[in-house]
Amino acid sequence: MSMQSPLAKVRGLGSAKEGFHHWWAQRLTAVLLAPLSLWFIYNLVAVTGAEYSAVIAWIAQPINAALLLLFLFSLYYHAALGLQVVIEDYIESEWQKIAFLILVKFLLCLAGLSAAIAVLKIYLGT
């Protein structure tokens, strides 16, 4: 027994099979961000007032660099997923929706890449 209306069957409307992946990715990044955010805030408070060289030395430690990169990747990916939902739900014009989606993804990729390069430069010592 199908849950689709007869009109939806004729039009071929139904699940695009993309919603579950998006929902699951957003929940997964949220669960990942919870402990990583606590770790980041704890360490941010710990290095408050420290000298520049101490902060650089902290980032240059392998475990801190890896966790920081994981935090940044999860944060920007989660933000992109959330903003995509907001844009798709609240912008009616198709061309504006596409333009905003491209702009948001571009800006978040640029910011994430910049942050990752900064962490990697410190970690690699270049």
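The values are calculated or read from the model by the stated rules, or taken from the named source; none is laboratory data. Keep in mind it's a predicted model, so treat the numbers as computed, not measured. Cβ sites come from the backbone with ideal geometry, for glycine too, and all protein chains shown count toward neighbours.
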**OP:** At least 1 residues that are of a type in the set (V, I, T) and exposed (fewer than 11 other Cβ atoms within 10 Å of the Cβ) in each: list the helices (runs of 4 or more DSSP H) lying fully within segment 9-126 that qualify.
**Re:** 19-46, 62-90, 94-124
Subject >> Flag if I91 is at pLDDT 95 or above and either aliphatic (A, V, I, L, M) or within 14 Å of the chain's Cα centre (by Cα) (or both) >> reply: no
